[in-house]
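Some notes on the structure that comes next.
The values are calculated or read from the model by the stated rules, or taken from the named source; none is laboratory data. Please read these numbers as outputs of a predicted model, since none were measured by experiment. Positions of Cβ are backbone-derived with ideal geometry, glycine not excepted, and every protein chain shown enters the neighbour counts. Just so you know, the surface numbers come from the protein's heavy atoms only, side chains and all, with ligands and any DNA or RNA stripped out. Shrake-Rupley method; radii C 1.70, N 1.55, O 1.52, S 1.80 Å.
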Amino acid sequence: MTTIAPEHPRLTSQNWAGHWHGFGPWVGPPEHYAKEGSKRPPHPVQPGPDSDHANRYREAAGEFASGNLPPLMTGHWLMKRGQAEASRTWTDVTDAVAWLRGHYTRNLPFERSDGLQAYAELDVKVAYVYDVLPRGVDVTWVHYTESRSLFSAAVVCCPNLFHPDTPCPLKASSMRSPDVARSAVAPGWGS
């Protein structure tokens with residue numbers, strides 16, 4: 001008799017349930033933000049030790065794991081265990097919005113000299129967050145500041161729709177809110 005292991009139900013925006021982690025804000029020069037190698041998780045196939053690329057691979061893997069540069073894919077934030085904090089983990093979307101709004105107001109986008117609008121208004125951004133976060137869609141706000149630095153802040157869904165096998169970066173025992181702790185270790189999603 002053959003037994004087939006039960007599969008986890010496919011995670012979609014229609015059945016998503018979980019919590020959110022805030023990452024950032026990152027504020028820095030655009031040329032640092034553009035360093036793609038440091039924004040990618042290590043590839044499972046590593047170059048040989050004698051390869052011309054071995055040192056750069058190890059350097060980029062270390063930068064990804066320990067650096068605060070935003071990753072190319074928002075779900076990859078969950079792999080940066082040292083960047084997650086219980087104080088930036090929420091089960092109520094209003095708390096996530098308040099965190100984003102607070103960082104936005106401390107790092108306002110630049111205003112164009114011709115008077116045209118460069119970015120969506122804050123109320124439009126907030127309405128979008130309220131619409132998509134409860135459905136498991138990550139949100140990242142990125143803009144140039146008045147000083148021409150780039151600002152980036154992200155709220156990432158956990159579990160993540162596009163990286164459902166990536167576990168929650170926080171252990172339940174270290175989390176403050178019992179609701180967050182329960183959702184962080186929901187069957188099939190715990191760390």
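For Gln14, the criteria (1) loosely packed, with under 12 Cβ neighbours inside 10 Å; (2) free of Cβ contacts under 8 Å to residues at least 12 places away in the same chain hold in every case but one, which is (2).
The set of residues in the stretch 129-140 being open to solvent by less than 30 Å² (accessible area, probe 1.4 Å) and assigned to a helix (DSSP H, G or I) consists of Val129, Val132, Leu133. Given the criterion farther than 23 Å from Val137 by Cβ and not aliphatic (A, V, I, L, M), identify the matching residue among Lys39, Lys80, Lys35. When all the criteria are applied, what remains is Lys35.
Of the helices (runs of 4 or more DSSP H) that lie entirely inside the stretch 24-128, those containing 3 or more residues that are free of Cβ contacts under 8 Å to residues at least 24 places away in the same chain and open to solvent by 40 Å² or more (accessible area, probe 1.4 Å) span 54-66, 93-106.
Within the stretch 141-160, the set of residues being touching a helix residue (DSSP H, G or I) at 6+ places or on another chain (Cβ under 8 Å), polar (S, T, N, Q) and open to solvent by 60 Å² or more (accessible area, probe 1.4 Å) is empty. Of the residues Ser183, Ser147, the single one that is within 12 Å of Trp20 (Cα to Cα), at pLDDT below 95 and either among the polar types (S, T, N, Q) or not in a helix (DSSP H, G or I) (or both) is Ser183.
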